[in-house]
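Below: one structure, written as structure tokens.
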Amino acid sequence: MSQSLVFLSGAFLVISGPSNAFGQLSTFAVLGGSTVTNTSSLTVVSGNLGVSPGSAVTGFPPGTVVNGSINAANAPALQAQSELTTLYTQLAATPCTTDLTGQDLGGLVLLPGVYCFNTSAQLTGILTLNAQNNPNALFLFKIGSTFTTASTSLVRLINSTSTCGGVSWQVGTSATLGTGTTMIGTIAAQSSITLTTGASTSGRLLARTGAVTLDNSAVSLCNATAGAVVPPTITKTFGAANIPLNGTTSLSFTLNNPNAGSPLTGLSFTDGFPAGLTVATPNGLSGSCGAGVVTATAGSSSVILTTANLAPSASCTFSVNVAGSSPGLKNNITSSVVSNEAGQGNPASASLTVLSATGLVPPTISKAFGVANVPLNGTTSLSFTLNNPNLGSPLTGLGFTDGFPAGLTVATPSGLNGSCGAGLVTAVPGSSLVNLTSATLASSASCTFSVNVTGSTVGSKNNVTSNVVSTEAGQGNSAAASLNVLSPTDPSPVGVPAMSLPVLITLGVMLAALGSLMIGRA
């Protein structure tokens, strides 16, 4: 076995030098002990798939293996199982830094460390792993018996130079990923691993003695370097710019894989509608997206896509019909689209105006800080501009509220300047609120007023108003602006969990042996 030099740097490890101890195992995305079984034509495995000492691989085809081959009881599979035994033993021998026995992983935000469960472990919801921008950050979960996830659970890795590297799950018996679960890292199970319908993982599924079972599953080796695979993109468009009250139009979504040589799996997003916008009855669902599941229940206020797959350079489009039940501008923003291989992409936004019963267009509002940055306890201006876009029709009763984020207040004195259509502006010095009521704007008219604000705590102050409203045309848009309050000194570094020297040495020896596998790092 070749040796690697291990340097201790804070609570992390910097590793130099190659090792071939897991050279064969590192190429396998799926490895079973008895069988590997697939029940869906939509399953895609990116990387080698194998079984040993068993010899049965069923369901390929119709399932697909890309960027690898099927290895049934042959020399590569035998060698990979031998290396898996070594890996499993080393993971099991690693000392714990934190005992999570009895806790659900859902909702936790964890820093690098070795997390242990004396018996079973459960994930319900979202588990966030924060690598703190350290390329050698490690997350090891040692589970005494079974590991189970609830439907649509998600493990996400943030502030990392890898999409899933450095994450490993050592499971004492069997692992079962619930429907639609999105997983990351290497799962090394003593017995079996089961992915129920639509579950996916970026990492490896390695079962020592039992079966690996797949169903509409996406399994891919993760990428060791951020940026090696570009995240997916999403755009959205309403079929019309304006609709009458209680009218309908289409809402289409297009997802794209910008990578010429890499498929993307596990694509998903959620689009929660603003008030007064719902999925029409019937929903008019048209099109599809990479075998993903689209949920668009008539009368609901959301559209959800889960577990979609896109081939290299491919795109997909689907649409639903929506209805506007209240007048005003409907600003609609999706969550960021995510994928297993490339993490988080962009959100998509589009706007639809639902006309009032009179057919008038709602007012608009914009806002701006006088400067982008202020020193701690410094001041700047905050201006608001309202506009009536209607030709020939005045708007009355205009109003909005701007509640400031923590650490931002109206200055003393307030510096109120300007006015808005005889409306009442409230901006009390020291308060965290600016309010406009009872303003009037003639047709095609606009107004501008400003106040001074003070930043009393350090950080980015993201400030969003309520929607501007009017009596005749209902609700318009909201306005957003950001101000950075700068610290006079550099911020303190974020703390990390302490690891004892024996734990560091154990992890170092293990990583020196793991080489390119890197506990789930491809």
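The values are calculated or read from the model by the stated rules, or taken from the named source; none is laboratory data. Predicted model, so just to flag it, every value in this text is computed and none were measured. Note that each Cβ is placed from the backbone with ideal geometry, even for glycine, and that neighbours are counted across all protein chains shown.
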| field | Unique match (being at pLDDT below 90, within 24 Å of the chain's Cα centre (by Cα), hydroxyl-bearing (Ser, Thr, Tyr) and within 30 Å of GLN475 (Cβ to Cβ)) among THR307, THR270, THR254 | value | THR270
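Residue by residue, here is whether (1) modelled with pLDDT under 90; (2) surrounded by fewer than 23 Cβ atoms within 10 Å (Cβ to Cβ); (3) among the aliphatic types (A, V, I, L, M) holds:
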residue: PRO53; (1), (2), (3): no, yes, no
residue: GLY59; (1), (2), (3): no, yes, no
residue: THR64; (1), (2), (3): yes, yes, no
residue: THR86; (1), (2), (3): no, yes, no
residue: PRO95; (1), (2), (3): no, yes, no
residue: GLY107; (1), (2), (3): yes, yes, no
residue: ALA121; (1), (2), (3): no, no, yes
| message | Being of a type in the set (A, V, I, L, M) and farther than 17 Å from ASN321 by Cβ is the filter here; which residues of the stretch 268-294 pass it? | response | ALA275, ALA291, VAL293
| said: Condition (residue is over 29 Å from THR306 (Cα atoms) and crowded, with 21+ Cβ neighbours inside 10 Å) applied to the stretch 123-133: is it met by at least one residue? | reply: no
| task | Considering each of LEU84, LEU111 in turn, give the residue that is within 25 Å of THR182 (Cα to Cα), of a type in the set (A, V, I, L, M) and in contact with a Leu (Cβ under 6 Å, 6 or more places away or on another chain). | result | LEU84
| query | Counting only residues that are assigned to a strand (DSSP E or B) and surrounded by fewer than 19 Cβ atoms within 10 Å (Cβ to Cβ), which one in the stretch 324-344 is nearest to the chain's Cα centre (by Cα)? | reply | GLN344
| Taking the stretch 64-91, which residues are more than 21 Å from SER174 (Cβ to Cβ) and of a type in the set (Gly, Ala, Ser)? | GLY68, SER69, ALA72, ALA73, ALA75, SER82
| task | At least 3 residues that are under 30 Å from ALA241 (Cα atoms) in each: list the strands (runs of 3 or more DSSP E) lying fully within the stretch 407-488 that qualify. | result | 433-441, 446-455, 459-464, 480-486
| request: Quickly run through the stretch 257-270 and pick out the residues that are surrounded by 19 or more Cβ atoms within 10 Å (Cβ to Cβ) and in contact with a Pro (Cβ under 9 Å, 6 or more places away or on another chain). | output: ASN257, ASN259, SER262, PRO263, LEU264, LEU267, PHE269
| request: Kindly provide the set of residues from the stretch 345-360 that are small (Gly, Ala, Ser) and either surrounded by fewer than 20 Cβ atoms within 10 Å (Cβ to Cβ) or assigned to a strand (DSSP E or B) (or both), ordered by number. | output: SER349, ALA350, SER351, ALA357, GLY359
| Residue identified as in a strand (DSSP E or B) and modelled with pLDDT of 95 or more among VAL6, VAL45, VAL30 | VAL30
| query | Applying the selection to the stretch 404-433, what residues are touching a residue at least 24 places away in the same chain (Cβ under 8 Å), surrounded by 14 or more Cβ atoms within 10 Å (Cβ to Cβ) and farther than 20 Å from ASN388 by Cβ? | reply | PHE404, PRO405, GLY407, LEU408, THR409, VAL410, ALA411, SER414, GLY415, LEU416, ALA427, SER432
| said: Quick check on ALA93: is it assigned by TED's automatic domain parsing to the domain that holds LEU154 and touching a Leu at 6+ places or on another chain (Cβ under 9 Å)? | reply: no
| Any hit, the stretch 372-388, residues being within 30 Å of the chain's Cα centre (by Cα) and farther than 30 Å from SER40 by Cβ | yes
| task | Residue by residue through the stretch 367-403, note down the ones that are closer than 16 Å to GLY328 by Cβ and assigned to a loop (DSSP other than H, G, I, E, B). | result | ASN388, PRO389, ASN390, SER393
